[in-house]
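Working notes for the structure below.
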Amino acid sequence: MTIHKEGRKFLIKTFLVLLAINIPMWCFFPAAVKTTSIISLVVFLFFLNFFRRPKRIISVDDPNLVIAPCDGRIVVIEPTMEDEVLGEKRIQVSIFMHAFNVHANWYPIAGTVTHYTHQDGRFMSAHLPKSSTENERSTVVIETESNTKILVRQIAGALAKRIVTYAQVGKKYQLNDEIGFIKFGSRMDLYLPLDSEILVNLKQKVVGNQTSIARLK
């Protein structure tokens, strides 16, 4: 277990802010030291837990297997018209991440990135269906070796204020490569071909870079 690179500066700043708050308390309000110290410790441990980066390595023999790109719970499995990029009907599989999930995001399948866009938007709750098209989001299209295109969308939530995406158009990525990171609660959508075999159920908990989501035909 390590600290994700996206959280290192944030954690240092948080530590310094908490230290700046507690030093005067120690000097001038000794009666309140215990309370402020406990609150500060809880706050710092929360952020430390949020930016954790577990070491997860997966090896699969089936190149058509789609792996969960993040931790969370399945909140959508349904045919949806993807108008924004693909312009065709797909099976949408959505994973909601709460604040205590690991927020690192992985590539769900090996392939070449053929499209990347980032769009500003709202910060509605990621549970809402409209969050897929109205919230701030990053969209990545991956083309597999069998020429199948998979769309992956990182979506900001009510608390998420920054989406980080590492994808570069034209570059080939493998399973175990990170696609990005979403800060403070969010969601990821997968848009798969209609003939995909879905291997998860609604409300099922999934583990990023571990759980099989679907199998492409």
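The values are calculated or read from the model by the stated rules, or taken from the named source; none is laboratory data. Computed from a prediction, not measured in an experiment: that's the story for all the values here. We place every Cβ from the backbone using ideal geometry, glycine too, and count neighbours over all the protein chains shown.
Selection within the stretch 49-78: residues that are in a strand (DSSP E or B) and touching a Lys or Arg at 6+ places or on another chain (Cβ under 6 Å). The member of this set that is nearest to N176 (Cα to Cα) is L65.
Look at (1) under 30 Å from L194 (Cα atoms); (2) loosely packed, with under 13 Cβ neighbours inside 10 Å; (3) not assigned by TED's automatic domain parsing to the domain that holds K205 and you find that I12 fails only one, number (1).
Screening I142 with (1) modelled with pLDDT of 75 or more; (2) not in a strand (DSSP E or B) gives one miss only, at (2). Checked against the criterion of being hydroxyl-bearing (S, T, Y), out of contact with any helix residue (DSSP H, G or I) (no Cβ under 9 Å at 6 or more places or on another chain), more than 29 Å from Q92 (Cβ to Cβ) and modelled with pLDDT under 90, the candidates T14, T2 yield just one match: T2. Within the option set I74, I38, being in the same structural domain as V152 (by TED's automatic domain parsing) and among the β-branched types (V, I, T) holds for one residue only, I74.
Scanning the stretch 20-38 for residues that are exposed (fewer than 14 other Cβ atoms within 10 Å of the Cβ) and closer than 27 Å to N101 by Cα gives a single hit, I38.
Screening K217 against (1) touching a residue at least 40 places away in the same chain (Cβ under 8 Å); (2) within 28 Å of F51 (Cα to Cα); (3) surrounded by fewer than 16 Cβ atoms within 10 Å (Cβ to Cβ); (4) touching a strand residue (DSSP E or B) at 6+ places or on another chain (Cβ under 8 Å) leaves a single unmet condition, (2). Scanning the stretch 178-201 for residues that are of a type in the set (A, V, I, L, M) and touching a residue at least 60 places away in the same chain (Cβ under 8 Å) gives I179, I182, M188, L190, L192, L194, I198, V200.
When the stretch 92-115 is filtered for residues that are surrounded by fewer than 19 Cβ atoms within 10 Å (Cβ to Cβ), out of contact with any Gly (no Cβ under 9 Å at 6 or more places or on another chain) and part of a strand (DSSP E or B), only H115 remains.
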